[in-house]
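Computed from the coordinates by the stated procedures, all read-outs in this text should not be read as laboratory data. Model, not experiment: these values are computed from the prediction. Because the Cβ atoms are built from the backbone with ideal geometry, glycine has one as well, and the counts that use them run over all protein chains shown.
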Amino acid sequence: MAKRKTSYICQQCGYISPAFLGRCPECGEWNTMVETIEETGPRSTGARKPIGAVRAASLASVGSADLDRIPVPIEEMNRVLGGGLVRGSLVLLGGDPGIGKSTLVLQIAGALATGMRSVLYISGEESAQQIKLRADRLGVKGEHLLVLSETNLQLALDAAEAASPGLLIIDSIQTVYIDDMTSAAGSVSQVRECTSRLMQWAKPRNIPVLIVGHVTKEGAIAGPRVLEHMVDAVLYLEGERHHHYRILRGVKNRFGSTDEVGVFEMADVGLQEVRNPSEAFLEERNGNAAGTTVAVTMEGTRPILVEVQALSTTTAFGLPRRSGNGLDSNRLQLLVAVLQKRVGLPLQGQDIYANVVGGLRIAEPAADLPVALAIASSFRDRPVDQQTVAIGEIGLSGEIRSVNHLERRLIEARRLGFKRAIVPAALGRRSASFGEGIELIRVSNLGEALETAMQDRK
Ligand code: TYD
Ligand code: MG
């Protein structure tokens, strides 16, 4: 009979200690000892199988059966999952506290709980009454939606066993714990052990499990990061807390692509799908002002048009400020430096603020050109033509470099009625068919781009 005991194992070198130590005596690393349950005693019952009993199969002979998926009626979610929740899989939904994870999972629960299948929502954060209040607000009807407020994972799994739901939701993994371990709920060891228990429960029963996990700003030692390799899919819900747009991004998916994103808007009735993100992000644009341009950014395989704004003002004293919202601040510094050195804009005495409207974060270099144009436009106080989009990466010598998915970006810009696009001169291969219905202005360096962008047009 296997016996259980817990011990502390260094995650760095594997040293085992019966008690917690701040520093591993073997390798000298700090904070690497993690509580782990050890099963002692015989590991397997049967004797070793005779040679030949276990055989590798040729890949061609392996059947490619379709995955058994449960489609989620929320299309933006479904797409990110790769077409639905795969039975028996573990999906982790991560995100900052307060971003809307509980709201989203409750909406999913409501949408999936039908006569044919019940959904069990286990919350370690809210009481059943609080869940009810939220469900009412979201318009989620509760007939086949079972709720339980519980933090002891074993009891929660017992309840799940009795209910035998079509989908199990744990909100959140940081609040549940198992008795066998002494460390607190939310610690790395608890989070990991709980997830592994959930996996052992879900796989044989073929029930999908949706796990909510908080990420802290620091990247989170006890956050869902440690779980990423254990679960089948990892989705992150991102956004600025004070903006209403939320992006659901797949960062790992064993059953689909991670290129997909879903766009939502937080309304007073929960998260609403945004089917047409470009239109939504450009809604409040005032194209006649100086210091604004339109960028076409790729979110996975989806082109999204967003407004980029910049403001350049004289520095009152001391060091000039460069501050970016929704942009990488190092990239912003670099663009300012290129504008100074390669185009000769005297920005050394200017505070520069740049902002991506709507709370989207742009991490890709194709937004370099629109950002640089917005800065120059604000500095010179001359608007960029409002029917023009700009796409291009800027190199350190001021050259405009080609970007990926240019064609898709242009199609999206044209769809939204833009007339012109400033694009890299080297369009890349397959460029012959580009740009039907939209005028392409090909530029090879930043100076040229500024010139054409700030020309007066009728
Ligand atoms: P929540 O789902 O509780 O966040 P998480 O589980 O990620 O911590 O969302 C909390 C925020 O969402 C809260 O600030 C209020 C807001 N909210 C709405 O704006 N509309 C709604 O319908 C709901 C339910 C929440
Ligand atoms: Mg929550």
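Within the shell defined by Cβ-Cβ distances under 12 Å, the residues around G88 carry a net charge of +3, with Lys and Arg each +1 and Asp and Glu each -1. Backbone amide hydrogens, once placed in the peptide plane, bring Q350 within less than 5 Å of T315, excluding anything fewer than 5 places away on its chain.
What FRET efficiency comes out for the pair D381/E228, r = Cβ-Cβ distance, R0 = 51 Å, nearest 0.05? That gives a FRET efficiency of 0.60. Using the Cβ of Q348 as centre and a radius below 15 Å, the other residues enclosed give a net charge of +3, where K and R count +1 and D and E count -1. For the chain, averaging the sequence separation of C-alpha pairs within contact (under 8 Å, six or more residues apart) and dividing by the residue count gives a relative contact order of 11 percent. For a test of the definition: using alpha carbon positions, the gyration tensor, and the 1.5 limit on a/c, classify region 67-185 as rounded, prolate or oblate. In terms of gyration-tensor shape, rounded. Here the relative contact order of region 113-178, from alpha carbon pairs under 8 Å that lie six or more residues apart, stands at 50 percent.
By the Cβ distance rule of under 4.7 Å, the chain has these cysteines without a partner: C194.
Report summary: the helix-based calculation at 222 nm, which adds -39500 (n - 2.57) for every DSSP H run with n ≥ 4 and divides by the residues of the chain, gives -7000 deg cm²/dmol. Close Lys pairs in the chain (alpha-carbon distance under 21 Å; sequence gap of 8 or more, or different chains): 8. The distance linking region 286-328 with region 239-254 is 20 Å (Cα centroid to Cα centroid, whole angstrom).
Applying the Karplus relation 6.51 cos²θ - 1.76 cosθ + 1.60 with θ = phi - 60° to region 14-24 yields 3J(HN,Hα) values of x, 4, 10, 9, x, 10, 6, 10, x, 10, 6 Hz, where x marks Gly and Pro.
Dipole magnitude of the chain about its Cα centre, charges +1 at Lys/Arg Cβ and -1 at Asp/Glu Cβ only, in debye to the nearest 20?
960
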